[in-house]
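Have a look at the structure below, then the notes.
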Amino acid sequence: QVQLVESGGGLVQPGGSLRLSCLASGSIFNEYAIGWYRQAPGKQREFVASITKLGRTNSADSAKGRFTISRDNAKNTVYLQMNSLKTDDTAVYYCNTAPPFRIYWGQGTQVTVSS
């Protein structure tokens, strides 16, 4: 049973923007904080940003000032607005609870930043 589905990835030039979406089942969305994570080729998966049920946010230093996490409670969706993208942001982006549960890892969405 799919619980969290990521979408919105793609190919973008350096300096460009993308908005990722994470559609969560109601039970997860209403119970847990939701986070975005990413895994670049050859690297471990890392935390990007998270948002609590009350809307409090937290983000990695690499995301501060460029990425914004938000949630739409009516749509059970968490967004990650990514601006000023760099080649180092190239990765598969995943959403999960924060902290993450192993069973909720999905396929992710690929973000490629390249000229």
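The values are calculated or read from the model by the stated rules, or taken from the named source; none is laboratory data. Everything quoted here is computed from the prediction, not taken from an experiment. Don't worry about glycine lacking a Cβ; one is built from the backbone with ideal geometry, like all the others, and counts go over all protein chains shown. The area values use the complete protein model at the heavy-atom level, side chains included, leaving out ligands, DNA and RNA. Shrake-Rupley method; radii C 1.70, N 1.55, O 1.52, S 1.80 Å.
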(Q) For a quick check of your reading of the model, give me the residue pairs whose first member lies in the stretch 9-36 and is in contact (Cβ under 8 Å) with a residue 60 or more places away in the chain, whose second is among the aromatic types (Phe, Trp, Tyr) and open to solvent by less than 60 Å² (accessible area, probe 1.4 Å), with beta-carbon atoms closer than 8 Å and at least 6 apart or on different chains. (A) 9/93; 19/79; 20/36; 20/79; 20/93; 22/36; 22/79; 28/104
**Q.** In the stretch 1-39, residue surrounded by the most Cβ atoms within 10 Å (Cβ to Cβ) [restricted to those that are of a type in the set (Phe, Trp, Tyr) and under 13 Å from residue 94 (Cβ atoms)]
**A.** 36
Q. Any idea which residue in the stretch 87-115 is most open to solvent (accessible area, probe 1.4 Å), counting only those that are of a type in the set (Val, Ile, Thr) and under 27 Å from residue 26 (Cβ atoms)?
A. 103
Q: Pull up the stretch 4-55, narrow it to residues that are β-branched (Val, Ile, Thr) and over 19 Å from residue 68 (Cβ atoms), then point me to the one that is modelled with the lowest pLDDT.
A: 28
Q. Which of the residues that make up the stretch 63-76 are open to solvent by less than 40 Å² (accessible area, probe 1.4 Å), aliphatic (A, V, I, L, M) and either closer than 16 Å to residue 21 by Cα or part of a strand (DSSP E or B) (or both)?
A. 69
Q: Assess whether residue 15 counts as being under 12 Å from the mean Cα position of the chain (by Cα) and closer than 22 Å to residue 110 by Cβ.
A: no
(Q) Residue under question is residue 84, and the condition is that it be assigned to a loop (DSSP other than H, G, I, E, B), at positive phi, out of contact with any helix residue (DSSP H, G or I) (no Cβ under 7 Å at 6 or more places or on another chain) and open to solvent by less than 70 Å² (accessible area, probe 1.4 Å); does it hold? (A) yes
(Q) If I filter the stretch 40-62 for residues that are closer than 19 Å to residue 114 by Cα, buried (at least 17 other Cβ atoms within 10 Å of the Cβ) and in contact (Cβ under 8 Å) with a residue 12 or more places away in the chain, do I get at least one hit? (A) no
